[in-house]
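Written out below as structure tokens is the structure these notes cover.
The values are calculated or read from the model by the stated rules, or taken from the named source; none is laboratory data. Not measured: the values here are computed from a predicted model. Here the Cβ positions follow ideal geometry from the backbone for every residue, glycine too, while neighbour counts run over all protein chains shown.
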């Protein structure tokens, strides 16, 4: 088998960089402003067939932070009820597009038909912080049930990018979460919040604490220590863009952005109704799901309770399916999870 590209190792012989693993790279980061229409269509030529797009808020509204439903196709972004707010748009790639808007500094390689690029324009998404926590409900025989509804996580150090960092979630097994928000603001993102959504529909799993693993990633210029082995890339000003000591966030799978279907039992109660929607997932417990848009709220504007929660995650023992619910308020409201941007990723090196 022919091999193309390059690979680096550390002093212990551990592979630190391998061009057979294509990193997510940024094609463009931008903001767009809503025009107040119900559906707004925005021409963005940089969105190509192999691109995928994350539309995110630049505000911290606590548990009521919301992002608009978003769909995209080559050259076009569609936002549903964007109001007149400013939204962050991140156009990401697996590296399959033709090389465009290349920088003068960096490295480029081709592995068979897989392209990758790290330069002053197209920077890799790198892991900045990681951790784990427990929350939800735990029932212990003979003891009073414990319920921790909110997780409030502080980063060890702020993320200083203008765009919100991307937060990825995983779980040891069961996960049912929502009302996601990133704390802080542009240039000073300090952590994130997340709400546990236990419900008897989920069997006995909802009576156990959920053990959630997480990491956050950004395109911040790398400041990690440089070892004696590997590669560093700097721009014209000497700012380090990348080194093989960086833990790259690698795209493992990109589920189609409109592949949620109505399936499974809804959650219904007095004055509430949340339809069940499902999407095929990767099947791997190593894959994390992007939280930023999927688990944040939606603003449907026209009602007396416009902010509606999106919540979901993984059923016990099943990573072949991603489960989502959307708080509709009643059984006739047609709100769905379709169009919520997401993808599966994992750190290239263990965290």
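Here is a yes/no grid of residues against (1) closer than 18 Å to residue 146 by Cβ; (2) crowded, with 17+ Cβ neighbours inside 10 Å:
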{"position": "183", "(1), (2)": "no, yes"}
{"position": "187", "(1), (2)": "no, no"}
{"position": "196", "(1), (2)": "yes, yes"}
{"position": "201", "(1), (2)": "no, no"}
{"position": "214", "(1), (2)": "no, yes"}
{"position": "217", "(1), (2)": "no, yes"}
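For the range 118-133, taking the residues that are at pLDDT 80 or above and part of a strand (DSSP E or B), the one that is nearest to residue 196 (Cα to Cα) is identified as 133. Scanning the range 186-198 for residues that are touching a residue at least 40 places away in the same chain (Cβ under 8 Å) and either assigned to a strand (DSSP E or B) or out of contact with any strand residue (DSSP E or B) (no Cβ under 6 Å at 6 or more places or on another chain) (or both) returns 186, 192, 193, 194, 195, 196. If the condition is being outside any strand (DSSP E or B), in contact with a strand residue (DSSP E or B) (Cβ under 7 Å, 6 or more places away or on another chain) and more than 30 Å from residue 87 (Cβ to Cβ), then the range 134-177 contributes 145, 172, 174. Is there a residue in the range 207-214 that is free of Cβ contacts under 8 Å to residues at least 24 places away in the same chain, farther than 30 Å from residue 10 by Cα and in a helix (DSSP H, G or I)? The answer is no; no qualifying residue exists.
Taken as a whole, the condition of being out of contact with any helix residue (DSSP H, G or I) (no Cβ under 8 Å at 6 or more places or on another chain), modelled with pLDDT of 85 or more, surrounded by fewer than 16 Cβ atoms within 10 Å (Cβ to Cβ) and closer than 30 Å to residue 308 by Cβ does not apply to residue 64. Of all the criteria given as (1) part of a strand (DSSP E or B); (2) closer than 23 Å to residue 252 by Cβ; (3) modelled with pLDDT of 75 or more, the one not satisfied by residue 87 is (2).
Taking the range 14-49 as the range and being surrounded by fewer than 16 Cβ atoms within 10 Å (Cβ to Cβ), modelled with pLDDT under 80 and not in a strand (DSSP E or B) as the test, the residues that pass are 14, 20, 49.
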